[in-house]
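**Q** Quick one: the structure is below, questions incoming.
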């Protein structure tokens, strides 16, 4: 009986954690009114697992994204979070636009 109750409590806790994940959807923030028509784009990505561990987390920033796109003057920045399986796996992308 005690084993069954403990098993049910563990299942309930696991289910609650899976269903109560946070989601961030950010379409980006404009730093200027310049057009994106002829802008270059640079991107930096990292993967976050269980919200605890991040691959390339230190390399996912605006400076690195600008360097990846060959951008010296930033006009727009965009952040994109793609969450999979209730937040167990998150791909965070930083996009930078400019000249």
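**Q** Are any residues in segment 57-69 within 30 Å of residue 14 (Cβ to Cβ) and either without any contact (Cβ under 8 Å) to a residue 12 or more places away in the chain or loosely packed, with under 13 Cβ neighbours inside 10 Å (or both), and if so, which ones?
**A** 57
**Q** Given (1) at pLDDT 80 or above; (2) part of a loop (DSSP other than H, G, I, E, B); (3) surrounded by 12 or more Cβ atoms within 10 Å (Cβ to Cβ), identify the lone condition not met by residue 72.
**A** That leaves (3) as the condition not met.
**Q** So which residues in segment 35-56 are surrounded by fewer than 16 Cβ atoms within 10 Å (Cβ to Cβ) and part of a loop (DSSP other than H, G, I, E, B), if there are any at all?
**A** If the condition is that a residue be surrounded by fewer than 16 Cβ atoms within 10 Å (Cβ to Cβ) and part of a loop (DSSP other than H, G, I, E, B), then 35, 36, 37, 38, 50, 51, 52, 56 are the ones that fit.
**Q** Residue check: is residue 5 surrounded by 10 or more Cβ atoms within 10 Å (Cβ to Cβ), at pLDDT 75 or above and not in a strand (DSSP E or B)?
**A** no
**Q** With respect to residue 19, determine if the residue is in contact with a helix residue (DSSP H, G or I) (Cβ under 9 Å, 6 or more places away or on another chain) and at pLDDT below 85.
**A** Considered against the rule, which asks whether it is in contact with a helix residue (DSSP H, G or I) (Cβ under 9 Å, 6 or more places away or on another chain) and at pLDDT below 85, residue 19 comes out as no.
The values are calculated or read from the model by the stated rules, or taken from the named source; none is laboratory data. All values reported here derive from a predicted model rather than from experimental measurement. Ideal geometry is used to build each Cβ from the backbone, glycine not excepted, and the neighbour counts take in all protein chains shown.
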